[in-house]
1. Loop only by DSSP, 15 or fewer other Cβ within 10 Å of the Cβ. Give me the trypsin sites (Lys or Arg not before Pro) in segment B:108-148 that pass, ordered by residue number.
2. Straight distance only, please: which aspartates and glutamates reach the Cα of residue B:41 with their own Cα at less than 14 Å, same-chain residues fewer than 8 apart left out?
3. Taking the Cβ-Cβ separation of residue A:50 and residue B:27 as r and a Förster radius of 25 Å, what is the calculated FRET efficiency to the nearest 0.05?
4. Report the residues of segment B:167-210 in range of a label on residue B:248: point 7 Å along Cα→C-beta, backbone N strictly under 11 Å from it.
5. Take segment B:212-304, compute every pairwise Cα distance, and split them into 5 Å bins from 0; I just need the percent in each bin.
6. For segment A:30-192, compute the orientation-averaged projected area of the C-alpha convex hull (one quarter of its surface), in nm².
7. For residue B:113, which aspartates and glutamates qualify as cross-link partners when the Cα separation must be under 14 Å and same-chain residues fewer than eight apart are set aside?
8. Between segment B:146-175 and segment B:238-260, what is the C-alpha centre distance in whole Å?
Amino acid sequence: MDHALELRRMPPFGPGVQPPTAVANVNAAPADLATTIRASAAGDQEAFSRLYADYVRMVHAIVLGRVPRQDVDDLVQDVFVLVYTRIRELRNPAAFGGWLAAIARNRATDHLRHKHEQVELPHDVGGGDPIEAEAIAVLDVVRKLPDAYRETLLMRLVEGMSGAEIAERTGLTPASVRVNLHRGMKLLRERLEPAGAGRRE
Amino acid sequence: MDDNYLWDGSRVPEGAGVEIVDIQRLEALLGRFRTNAPAPKLPAHAVRRRTIRAIAPLLATAAVVTLMVMAEWRAVGRLGQVGRVGRVGRVGGATIGLTVRAVEGHPQIDAVKIAETGRIAVGQTLITDRNAKALVDVSSIGRVTVDGSSRVRLVDSREGYHRLALDRGTLHAIITAPPGQFVVDTSSAVATDLGCAYTLSIDEEGTGLLSVSTGWVAFELNGRESFVPAGASCITLPHSGPGTPRYDDSAQQFRDALDRFDTDADSTRRRAALDVVLTTARERDAVTLWHLFSRVDAPDRGRVFDALAARVAAPAGVTREAIARLDRQALDRWWDALGLGDTTWWRSWKRGYPDLK
């Protein structure tokens, strides 16, 4: 029996063939994004700085969800340097967000493989600030959520991105982002309940 | 839960409920971790000035000549320590070859042992005995570690596309490239990287296991496809191809039953195994149940429908009848509801890579 998604035999979307969801961010890059990517690929650092500004929160959220906090900023910089050196390999500008996210995930995994002896700073390192300790405890819980929920929630709750922004940057449909936010928040509440962390006083 | 506030935080009604206050409190708590990373210092690009554009044709010609000389030199002259490992760098064609490093023991490229590093050309085979381990640099997009007792052929290698064939043994791939640029053939399935890290093992008969640690891998044979997410595995079998993906943290009973379903030729035993799979699946195992639609016999699709619907509600308009006839749009819509990324993404990457169609 052939697989249901039938990727290999599926015609590309075109006249009379609609994508299955209302918004398909990855199907066509906005003209300005494509232009910025092309300029970055040609070595225009100013153009790349615009990409950085637009996407740094997504990358930061992905990395924060995976590696010790003290390593996050360095790793985010590594990711963007790597992207800058490889951006000419990107054939489809519309895939930029997903491509960048994949690089961030893989770079974080690679980092953990080589730094497995490193441990996260303990919760009380911030001078005994109970709010700081609670924030770190909540972050730990978020980090244990499934990938899709963890990343989306960190983009929303840490980076302050709206659902629409998350969809635009990641290439997910708004519907998928909404589902991830809703289910992720539900799961986060359930996991915070036993410890009482993150609850309203 | 107030989805509007969770969506964009812009609509806070007067006398906001506990749920909104909870979200706001989480925002306040976690907002302290928001990025303030400075922009990185970027390296100089290879092509960055208009003046360079003017002489680009000359530079390109010079580069080609240099590469041809280097390729010939590498292939013929320099390999006293490493041994002759074949012609690489066929400039103007598809073959550029990949660097191989010996990590343990003495891996071979065809019949030549590598002392430290060598290059494998398209058509050549990297061989490790049980004491050897090798690292293959996949251009600038990642690397592959080849464990002992393995045979790996380089099928294709050019800018933006690299293809290996794992005849036997185990490899570990970490790829940071747009989906579809790195492909591994086995005798019973083709693993296409969708931006990920994974381990693939195969024996000489074609029985194998794919385990994904980050990202996704598409595993395919003759149109039968499995999409394997991080934290999940999928077996592959001679003749039948990829099995049904399952999360590694699923219950042992669930995994055992799924293995029986994937491997047992007896229809009665397969149905019994299916019963166990459907009753022991968790909500997280919805991805497994979704794949079962195209793997069970038609009369059993209704049972799979019920099991999946009990864990992830069928989207509006997705009917039992549509699923029974494997209606593509209905399947796509349910996939989208699983929260694993949507089908538009799955397709878009492949359109950028006509070789994969």
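Bear in mind these aren't lab numbers, they're just calculated from the coordinates by the rules spelled out. Just so we're clear, the structure is a prediction, and the values are computed from it rather than from any experiment. Glycine also receives a Cβ, built like all others from the backbone with ideal geometry; neighbour counts cover every protein chain displayed.
1. Those satisfying the criteria are B:130.
2. Here the aspartates and glutamates satisfying the reach criterion relative to residue B:41 are A:44, A:46, A:73, A:74, A:78.
3. Using R0 = 25 Å, I get an efficiency of 0.40.
4. Output list for this probe position: B:198-200, B:210.
5. 3, 14, 26, 28, 19, 8, 1, 0
6. About 10.1 nm², averaged over all directions.
7. Within reach: B:104, B:129.
8. For segment B:146-175 versus segment B:238-260, the Cα centre distance is 24 Å.
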